[in-house]
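The values are calculated or read from the model by the stated rules, or taken from the named source; none is laboratory data. All of these numbers come straight from a predicted model, not from anything done at the bench. For neighbour counting, all protein chains shown are included, and Cβ atoms are generated from backbone atoms with ideal geometry for every residue, glycine included. With ligands, DNA and RNA removed, areas are computed over all heavy atoms of the protein, side chains included. Shrake-Rupley method; radii C 1.70, N 1.55, O 1.52, S 1.80 Å.
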Amino acid sequence: MGRGRRICVLALVALLPAGLAQSPETTDGDTIRVEVNVVNLPVTVTDSQGLFIADLNKDDFTVWEDGEEVEIRYFTRSVEEEKKPPLYAGFIIDLSNTARLYYKTYQTSIGDLAWMLVPEGGRNQGFLFGYHTEVDELVDFTNDPVTLTERMESLKHGGGSAMFDAIYRACTEKLVSIPYQGASEPRKVVVVIGDGHDNASKRSIDEVIFAAQLHQVTIYAVSTVGWGYHHAEEANLVRLAGETGGRVVRPMQDVHKDVSGYLSKPQDAGNYQYEVGTGGYAAAQLQALYKAILDVAGNVSSQYILGYVPARPFSDRRFRLIEVELGLAGAAVEVYHRRGYFPPTVEAEP
């Protein structure tokens, strides 16, 4: 890797209950001051095989804001989950009429993801939205994964698709944080389970991206496009994830290519009979879904948290571009972080 030391690569870093974030600064008296003019930047690093790199140090990272290098004031390692701010996770599920065709295939795996991101008894919290022609809030914030998974098992499908409205509401109603908490600001993610199609929203994709960047929300997607089909509007998922530092996983895209179906092989026995398959296709689907869920969970749990004080105060409301570089000469790595942000609302000091 060009640094003279071993880089530890993990397939999945275990999700532990989140603990306290950066400690507030204490003066000589009893006053506790929390610095809020801080940008909290989650960053995930993978190798060329998509495995998570988990043993980087603060000095391995360089951050620029609008082309100007900034000092990293706070740093939490990938594996130090207990030192990271708590995670707020919104699960947003497609309940449109077309989703009824595939939701049962994904149902158990999405429940597993809820358990991974919102472990029972921890400080992480999750909520559940469903979208069809309208947006339904199905579960409010909870730290009980059972509540989330049980509701996921009783969903009804029908109508159009208001995906943009659902994500916008998640960012502006559930994940908004006023006043902004600086280095202690919770990590905020949205996980969309759908195909990217939208035909019923009042909000546009640009408005959704603005809301996510303003409230520092990272968007991940489990695409339901697969089985050899292609959907042009899946590009919406790619753009939402790319602009906010997330990723799109496609568990069913190639699962069919090397495995025979349950009834798939014609045989010369008359009456157009088919030879019963081995069940390998069903096993391949489960394996692909499990890998996809681990990928999403790993992207969240393997985040490094970089905190820095921008050169300009948050009173400047213009969009700010962020760049992150790793000082690992010759290493083939991918770095995932949000493209930039709009300064948050900060309460004036008394």
Would you give the gap between the C-alpha center of segment 73-94 and the C-alpha center of segment 152-186, rounded to a whole Å? 17 Å
Placing each pseudo-label 7 Å from Cα in the direction of the beta carbon, Ser154 and Arg100 end up separated by a distance in nanometres of 1.9 nm
Peptide ranges 164-171, 90-97, 47-54 listed from the most packed, as the mean C-beta count within 10 angstrom indicates: 164-171, 90-97, 47-54
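What relative contact order, as a whole-number percentage, does segment 54-152 give when Cα pairs under 8 Å and 6 or more residues apart are counted? Show your work: numbers first, answer last.
Values: 124 pairs, mean separation 23.6, N = 99.
Answer for segment 54-152 is 24 percent.
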Per residue, how much accessible area does segment 111-196 show when a 1.4 Å probe rolls over the protein heavy atoms, in square angstrom? 34 Å²
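How do Lys156, Lys174 rank by accessible surface area computed with a 1.4 Å probe, from largest to smallest? Don't skip to the end; give the middle numbers.
On the way: Lys156 170, Lys174 30 Å².
If we order Lys156, Lys174 from most to least accessible, we get Lys156, Lys174.
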Charge-dipole axis of segment 171-211 as Lys and Arg at +1 and Asp and Glu at -1 on Cβ define it, positive-most pick from Ala183, Ile209, Thr172: Ala183
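What does the convex hull of the alpha-carbon atoms of segment 180-229 project to on average, in nm²? Walk me through the numbers on the way to the answer.
Working: hull surface 18.9 nm².
Directional mean of the projected Cα hull area for segment 180-229 stands at 4.7 nm².
Tell me, what is the Rg over Rh of segment 118-247, with Rh the Kirkwood radius over Cα pairs? It would help to have the intermediate numbers written out before the result.
Working: Rg = 14.8 Å, Rh = 15.4 Å.
Looking at segment 118-247, the ratio lands at 0.96.
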At 1.567 mPa s and 4 °C, Stokes diffusion of segment 69-117 via Kirkwood alpha-carbon radius, µm² per second: 90 µm²/s
May I ask for the percentage of alpha-carbon pairs in segment 63-199 that lie more than 21 Å from each other? 48 percent
Set the Förster distance to 25 Å, then compute FRET efficiency between Ala235 and Lys202 from the Cβ-Cβ distance, nearest 0.05. 0.75
Can you give the FRET efficiency for Thr108 and Glu137, using 1/(1 + (r/R0)^6), R0 = 30 Å, r = Cβ-Cβ distance, to the nearest 0.05? 0.85
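Which translational diffusion coefficient, to the nearest whole µm²/s, is obtained for segment 117-192 from the Stokes-Einstein equation, given a Kirkwood hydrodynamic radius over C-alpha pairs, 4 °C and 1.567 mPa s? Before the final figure, lay out the partial values.
Numbers: Rh = 13.6 Å.
In µm²/s, the coefficient is 95.
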With a point put 7 Å past each Cα toward its Cβ, work out how far Val333 is from Ser315 in nm, to one decimal. 3.8 nm
